[in-house]
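Asker: My structure is below; once you've seen it, I'll send some questions.
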Amino acid sequence: MNASFPARLGGFLIGLLLNVLAASVARADSPCHLTFGWTSWEPYQYRTEDGRLDGIDLRLMTEAARRMGCALAWEEGPRSRLMARLREGRIDAIAGLARTDERTVFGLYSHPYREGPNVLVVRRGESGRWHCRTLEELAGLDFRLGIILGAMPSREFEMMLLSGRLARVAVQVPTVETARAMLQRGRIDGYFDGALVLQRLLDSGRVGGMEAHPLSLPNDAYVLFSRRSVTPDTVGRFDAVLDGMAADGSRDAIVAAPYP
């Protein structure tokens, strides 16, 4: 009799976690080394209570690197600083980014590897106060929108920001943690964050007083590689591995797995 799906999934995840641990140790004899920048952004990228790196993106990147025969290193930092380091070629890649025209000047994008819609986060009970279904409508409101440095929730968002159509509502903030604090203190009226990120925060009870507004920005997540340190051939190999993971079901299994 064939094993049940939960049993097969459990076996796959155990094997995957062993591969994650093996691939996370950079070996001197590895022909390929990639340094990824990461920012705490549960459940995609974060450090567990016992100090381990984990998350959907980290597991996906580690499995992709294992299949490529690449050793990985991880560098933590705010998204804006990591982007500057990638531009200079001091780190090789950042996962979990929206595709923007501005970044193609200094970076090479992978194929999209997961969906990650972003929602407008507002104070609890205030969704009904802000009547908007689109970014254009939001830009016409008396609204203070936190713009997180180095983050672009969608391509439409980027185009409106660069054209100045969000200038009336934009309030620059350095990090998503700052945006959350400013929202709770009434210094901004909202900011964009991942739908799954917000749900995890609310479910954990670590933050409160917030909710998702109906305004959502559909978005695919990409890996951005530095043009200074990564060749197009390496990006092509990475894309082939991502496509293989989508075809064999391992990508969806990683995304659907439980995360501590």
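The values are calculated or read from the model by the stated rules, or taken from the named source; none is laboratory data. Being a predicted model, the structure only gives us computed values, none of them experimental. Ideal geometry is used to build each Cβ from the backbone, glycine not excepted, and the neighbour counts take in all protein chains shown. Accessible surface areas use protein heavy atoms only, side chains included; no ligands, DNA or RNA. Shrake-Rupley method; radii C 1.70, N 1.55, O 1.52, S 1.80 Å.
Asker: Could you say whether any residue in the range 22-32 is modelled with pLDDT of 95 or more, under 24 Å from R228 (Cβ atoms) and either open to solvent by less than 40 Å² (accessible area, probe 1.4 Å) or of a type in the set (A, V, I, L, M) (or both)?
Answerer: no
Asker: Which one is most open to solvent (accessible area, probe 1.4 Å) among residues in the range 164-182 that are over 21 Å from the mean Cα position of the chain (by Cα) and more than 18 Å from A98 (Cβ to Cβ)?
Answerer: Ranking the qualifying residues of the range 164-182, first place goes to R168.
Asker: Take the residues in the range 187-245 that are among the hydroxyl-bearing types (S, T, Y) and under 17 Å from R124 (Cβ atoms), then tell me which one is most open to solvent (accessible area, probe 1.4 Å).
Answerer: Per the criteria, the residue is S204.
Asker: Looking at (1) closer than 23 Å to Y46 by Cβ; (2) among the hydroxyl-bearing types (S, T, Y); (3) in contact (Cβ under 8 Å) with a residue 60 or more places away in the chain, which is the only condition T178 fails?
Answerer: (3)
Asker: Within the range 127-163, work out how many residues are part of a loop (DSSP other than H, G, I, E, B) and of a type in the set (D, E, K, R).
Answerer: Residues meeting the conditions: 3.
Asker: Which residue, of L201, L196, L166, is under 26 Å from G77 (Cβ atoms) and either of a type in the set (D, E) or not in a helix (DSSP H, G or I) (or both)?
Answerer: Residue meeting the stated conditions: L166.
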